[in-house]
1. How about region 125-158: which of its residues are over 17 Å from Ala73 (Cα atoms) and either at pLDDT 90 or above or in contact with a Cys (Cβ under 7 Å, 6 or more places away or on another chain) (or both)?
2. What helices (runs of 4 or more DSSP H) lie completely within region 108-196 and have 1 or more residues being of a type in the set (Phe, Trp, Tyr)?
3. Name the pairs: first residue in region 7-24 and within 13 Å of Glu56 (Cβ to Cβ), second residue at pLDDT 95 or above and among the acidic types (Asp, Glu), Cβ to Cβ under 7 Å, at least 6 apart or on different chains?
4. Show the residue pairs meeting these rules: Cβ distance below 8 Å; 6+ apart or different chains; first residue within region 31-53 and open to solvent by less than 90 Å² (accessible area, probe 1.4 Å); second residue part of a helix (DSSP H, G or I) and among the acidic types (Asp, Glu).
5. Search region 68-83 for residues being of a type outside the set (Phe, Trp, Tyr) and open to solvent by less than 20 Å² (accessible area, probe 1.4 Å), and hand back the single one that is nearest to Ala132 (Cα to Cα).
Amino acid sequence: MTEKTWAGTTLRDRRAARRAQLLDAALDLLGTAGSAAVTVRAVCRHAKLTERYFYESFTDREELVVAVYEQVADEAHRALVGAVGDRGRDAAARAEAAVTAFVELMLDDPRKGRVLLLAPITDPALSARGVALLPAFAALIRDQLPGRMDTLDRQLTAIGLVGALTHLFTAYLSGTPQMSRERLVGHCVRLLARSS
């Protein structure tokens, strides 16, 4: 049985479009005004949808906030995987590709950087989720480290680098210390290359 359409779109397509509107609105609010600005009413107003449509896609505010966070984290993970995919390049070239890809995603749209790196600090719904995603990012770095390191050294180095890079990007987004984007990229690349 085929789905009925209205104005050329199915109910499923309209629901998906409304869900995307809500996610976009929540990304905008969370990434600009912070966690406190993300209420069901504010998101609906920003998306120009009624609360009825909110509850069609999400059970509560926390589910929406986690969905936005996971969407940005997935985008960051895919960007990093794509950047380091060519194992034929040397470690410094892979590090530069990864840092550049991350910087482009997080700083070209600073909302995404704030959602991924700053929102988990202030939003209880994201704190545990942020901690749960750290091993996936550490694994990306671990897989780029040289085979001459033993397994535990590789794991510990990767965890340490994720922590260091997270704090560097958080500081940059917060504006302290003041530095150019190029300086940030160069420092992160040197940090990664020294560990390889």
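1. Scanning region 125-158 gives Arg142, Asp150, Thr151, Leu152, Asp153, Arg154, Gln155, Leu156, Thr157, Ala158.
2. Values: elements: 110-113, 119-122, 124-142, 151-174, 181-195.
Counting at least 1 such residues, we get 124-142, 151-174.
3. Sorted first by the residue in region 7-24, then by its partner, the pairs are Arg15/Glu56; Arg18/Glu56.
4. Once the first residue is open to solvent by less than 90 Å² (accessible area, probe 1.4 Å) and sits in region 31-53, its partners that are part of a helix (DSSP H, G or I) and among the acidic types (Asp, Glu) give Val40/Glu51; Cys44/Glu51; His46/Asp28; Ala47/Asp24.
5. Filtering region 68-83 for residues of a type outside the set (Phe, Trp, Tyr) gives 68, 70-83.
Those still in the list that are open to solvent by less than 20 Å² (accessible area, probe 1.4 Å) too: 68, 72-73, 76, 83.
On the way: Val68: 15, Val72: 14, Ala73: 11, Ala76: 15, Ala83: 23 Å.
Ranking the qualifying residues of region 68-83, first place goes to Ala73.
The values are calculated or read from the model by the stated rules, or taken from the named source; none is laboratory data. Predicted model, so just to flag it, every value in this text is computed and none were measured. Because the Cβ atoms are built from the backbone with ideal geometry, glycine has one as well, and the counts that use them run over all protein chains shown. Only protein heavy atoms, including side chains, enter the accessible area calculation; ligands, DNA and RNA are left aside. Shrake-Rupley method; radii C 1.70, N 1.55, O 1.52, S 1.80 Å.
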